[in-house]
Amino acid sequence: NELICGKEIQPNIIEYSPENREKIFAEINASPLKEGNNIVGCIAILRNITQHKLLEESLRESEEKYRNLVEYMLEGIAVARDVPIRLVYANTTLANMVGYTVEELLSFSPENLMKLIHPDDRGLFFQRYEARLRGEEVPSRYEFRAIRKDGSVIWAKISSSQIIYKGKPAIQASFIDITEQKKSEKELQLMKFSIEHSEDSVFWIDSSANIIYVNNTACRSLGYSRDELLSMKIYDIDLNYTEEKWKEKWENLKKNRTITVESLHRTRNGKIFPVEVLFNYLKVDDKEYNFAFVRDITERKKSEEELRASEQLYRSLFEDIADPILIFDQETYRFLDCNKSAIKRYGYTREEFLNMAPHNLHPSEELKIVEKNIDDQETILPHRYTHITKYGEKFPVEIHTQEIMYKGKKAWISIIRDITERIKAEEEKRKLQEQLFYAQKMESIGRLAGGIAHDFNNILTSVMGYAELLKMEFPDTTTSEGKAVDVILRGTERAANLTKQLLGFARGGKYNPVPININDVIRDVVSMSEKIFEKNIDVNYEFEQKVKTIEADRTQMEQVLTNLIINAKDAMPLGGTLTFRTENIYIDKEYSNKYPEFKTGNYVKISVSDTGIGMTEEVKKHIFEPFFTTKGLAKGTGLGLATVYGIIKNHNGYINVYSEAGKGTTFNIYLPASTKIAVRKEKNEKIFRGSGTILLIDDEEDVRNVAVKQLESLGYKVITASDGIKAIDIYARNRNNIDLILLDMIMPGMSGIKTYLNLKKINPDVKVLIISGFSQNGRATELLEKGATGFIQKPFNLYRLSEIIYKTLKE
Ligand code: ADP
Ligand code: MG
């Protein structure tokens with residue numbers, strides 16, 4: 001009213017008591033509110049000074065009522081005056097705040113009072129105290145640290161003002177302990193710091209998709225400044241969302257509270273990268289927020305990608321490898337997986353496999369072994385088994401099994417190798433080795449037989465020679481001498497035959513190859529040996545009409561056929577059929593690769609088959625060895641097939657046999673074909689007599705003596721020499737008187753070859769016949785090639801000897 005009446009009113013203190021509230025004191029500062037010149041109201045500013053008022057009051061009046069009120073107020077209250085400071089009042093709350101009693105505080109010296117303030121804040125605190133005391137304007141509210149009696153530090157908020165105390169200016173201050181508040185402020189700061197620096201980007205988003213907070217990481221990873229991001233919407237950077245979709249998401253979030261999704265974010269530069277977003281819905285004071293924690297998963301995606309790629313690699317390895325692979329459960333033994341090769345090889349579909357177990361792949365007869373091996377836990381070792389396909393085809397396999405983890409289960413993985421080819425190759429290798437071994441065995445037997453035959457022949461030559469001379473003296477077989485000589489002669493003939501066969505086997509016998517037609521030879525031999533056939537043996541010919549010529553020693557071929565015929569006859573005691581087949585064949589590369597003993601080329605194949613008793617495998621292994629016989633010592637010699645073998649080898653041919661016990665036997669002989677024209681055989685049983693001088697060179701006296709007698713009986717004059725050197729000397733002095741030289745191949749000292757070359761030096765046209773019981777084939781051939789005129793096999797057959805000498809001298 002005063003104001004409205006135009007009176008100036010001074011700021012004053014009023015007591016004010018709004019309805020239903022306790023009484024407060026207020027300081028009022030009012031001024032009139034004018035409209036033109038009229039005062040229409042007033043503006044009043046009220047400040048609540050209840051506290052100060054009460055304190056002043058209590059101080060002034062010491063009234064118990066106020067004092068108590070002040071003592072136990074929530075705020076600490078103090079009144080101080082003077083410089084240095086002196087405390088004139090402190091309430092209990094303040095004392096409690098710093099851990100002292102009121103009495104202690106009031107008795108503190110200025111130094112002790114100063115120590116109540118934290119050193120860092122002390123300067124400021126007392127500076128302001130003194131300034132305010134002087135009446136200067138300084139901030140009345142601020143925070144500082146105080147030190148409690150126990151040494152701990154508290155934060156306090158001070159609010160102070162100047163008052164007049166006992167006529168002097170003093171400072172009245174109130175204190176609030178804000179230590180707890182400070183602590184949570186600190187915690188908040190830490191939290192903010194950790195959010196700012198978290199590895200994940202953090203976004204707060206409101207319901208309209210506005211970004212209202214982002215952390216440092218978000219700014220960094222997106223390349224935007226904070227301000228830029230705060231003016232954007234979440235779907236500006238998250239490609240998963242449009243305005244529409246975000247609304248949906250929001251509703252969804254409200255229901256589910258948290259959701260994790262994968263999405264793509266776009267940076268300021270337009271780069272797009274994969275992220276994982278964890279959305280959290282939060283409602284604070286009726287406002288809805290969404291916290292999004294965003295993690296860059298580029299690296300994770302990359303390693304996932306790599307993992308997938310390597311899985312793909314292994315999958316394709318697994319699928320495309322040539323060997324079948326099967327995986328089966330360790331518990332149920334069911335198949336869990338199979339590769340393409342398994343499907344192809346076994347014929348089962350993938351689905352069929354998944355309903356099967358490993359034992360379904362074994363033929364029933366093998367299951368016992370398989371089970372035993374599994375029980376023995378030998379599954380780890382590679383095993384050879386037989387497997388059977390869906391269609392019943394069986395094949396040998398080698399299985400490698402190993403433990404693996406398959407989709408979280410313990411499983412076995414079996415790699416299966418089809419070893420059909422390997423077994424075949426092993427078999428072939430074994431056969432080849434056997435063949436090689438056989439050839440080596442025959443070779444050494446041959447050398448042994450040859451060695452014996454050679455020495456034996458020399459002995460025989462002299463026995464036979466003398467016996468023949470004796471025969472000339474005692475031709476009458478009725479006399480006892482004549483009979484004896486006959487027996488000797490027959491014996492030596494048989495012995496000579498034997499050695500001849502042995503030599504034939506040993507390939508020592510030099511053969512005289514002539515182009516012959518093997519069909520003719522077979523017919524001749526069969527007609528000559530008709531007497532050995534019983535009536536009950538039929539002879540069949542299946543001849544190649546235009547059979548190719550072979551170059552062979554006719555006599556030896558006759559021998560081969562005779563031996564085979566005799567064996568066939570022995571094998572068919574109850575009769576049967578004997579079949580001779582001839583055939584022109586060509587051995588090609590493929591065949592000779594398979595049977596390396598065969599060289600490629602044209603051959604004549606000669607087969608001799610009988611329908612006799614046949615032979616066992618065991619017999620077959622030994623038939624070509626000399627002295628192997630199943631016929632008993634009285635009947636068999638065991639030399640028949642040995643001779644055949646030797647002769648055929650010596651002709652660069654091959655022989656093999658097909659036979660089964662009880663089913664007959666077939667011998668196949670392959671001889672190289674020739675392009676020469678075959679010549680027919682002529683008979684000769686005539687002794688050719690001649691004249692002239694012969695130089696006989698042989699180191700063995702017995703051989704020399706008998707040869708001299710034989711040659712003289714044929715009409716020749718003979719000079720002998722016991723070694724090469726003597727022979728050369730004789731020939732050098734008598735070359736014009738000597739018409740022919742017989743030269744032994746093997747002699748101690750100067751060899752046959754050397755002697756021959758020296759003789760040839762004296763007379764290039766010298767006629768030399770080589771004689772040998774055991775001609776090392778190569779050397780004889782070498783000599784014949786060097787110009788020697790011919791070859792005579794020991795022991796001498798008088799007919800042959802006479803013929804060859806006669807013909808040589810006539811040339
Ligand atoms: P031998 O006839 O003196 O026994 P061979 O060398 O001619 O000696 O034959 C050796 C062995 O080979 C014979 O004892 C016989 O067991 C077997 N053999 C040879 N030819 C035949 C055949 N055609 N049928 C059955 N077995 C045969
Ligand atoms: Mg025989």
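Between helix 480-505 and the chain, what is the angle of the helix's C-alpha long axis to the longest principal axis, kept within 0 to 90° and rounded to the nearest 10? Tilt relative to the chain: about 20 degrees.
Using the empirical formula 2.2 N^0.38 Å as the baseline, the Cα radius of gyration of the range 516-649 reaches a ratio of 1.11. Helix 298-320 and the long axis of the chain differ in direction by around 20°, with both axes built from C-alpha atoms.
In terms of the mean number of neighbouring beta-carbon atoms within 10 Å, the peptides 286-297, 311-322 order highest first as 286-297, 311-322. Helix 420-473 axis versus longest C-alpha principal axis of the chain: approximately 20°, rounded to the nearest ten. Across the chain, the convex hull enclosing all Cα atoms gives 455 Å³ per residue. Per residue, the accessible area of the range 323-428 comes to 59 Å² when a 1.4 Å probe rolls over the protein heavy atoms. At an R0 of 56 angstrom, the distance between the Cβ atoms of ARG494 and TYR586 translates into a FRET efficiency of 0.85.
In a simple Cβ point-charge model (Lys, Arg +1; Asp, Glu -1; nothing else charged), the range 117-234 has a dipole of about 740 debye relative to its Cα centre.
Annotation: extensible slack from GLN330 through SER225 equals 31.9 nm (criterion: 0.36 nm per residue apart, minus Cα-Cα distance). Taking the accessible area of the chain, probe 1.4 Å, and keeping the other protein chains in place, the carbon and sulfur fraction comes to 52%. Per residue, the chain reaches -13000 deg cm²/dmol at 222 nm when only DSSP H runs of four or more residues are counted, each adding -39500 (n - 2.57).
The share of Cα pairs per 10 Å bin across the range 367-466, counted from zero up to the longest distance, runs 12, 22, 19, 12, 10, 9, 8, 6, 2, 1, 0 percent. Quotient of the Cα radius of gyration of the range 165-284 and 2.2 N^0.38 Å, N being its number of residues: 1.59. Distance from the Cα centroid of the range 448-516 to that of the range 638-693 is 21 Å (rounded to whole angstrom). Charged neighbours of GLU75, selected by a Cβ distance under 11 Å, balance to 0 (K, R count +1; D, E count -1). When Rg and the Kirkwood radius Rh are both evaluated on Cα atoms of the range 410-524, their ratio Rg/Rh stands at 1.41. Projecting the Cα atoms of ILE176, THR260, ASN736 onto the charge dipole of the chain (Cβ charges, centred on the Cα centre) puts ASN736 farthest toward the positive pole. Highest mean packing comes first when the peptides 574-585, 32-43, 692-703 are listed by Cβ atoms within 10 Å, giving 692-703, 574-585, 32-43.
In this simple spin-label model, placing a label point 7 Å from the Cα along the Cα-to-Cβ direction at both GLU35 and ALA732 gives a separation of 17.7 nm. Placing a label point 7 Å from the Cα of ASP285 along the Cα-to-Cβ direction, the residues of the range 187-207 with a backbone N closer than 19 Å are 188-189, 192, 204-207.
The values are calculated or read from the model by the stated rules, or taken from the named source; none is laboratory data. Quick caveat: nothing in here was measured; it's all calculated off a predicted structure. Quick reminder, even Gly has a Cβ in these numbers, built from the backbone with ideal geometry, and neighbours come from all protein chains shown. Heavy atoms of the whole protein, side chains included, go into the accessibility calculation; ligands, DNA and RNA do not. Shrake-Rupley method; radii C 1.70, N 1.55, O 1.52, S 1.80 Å.
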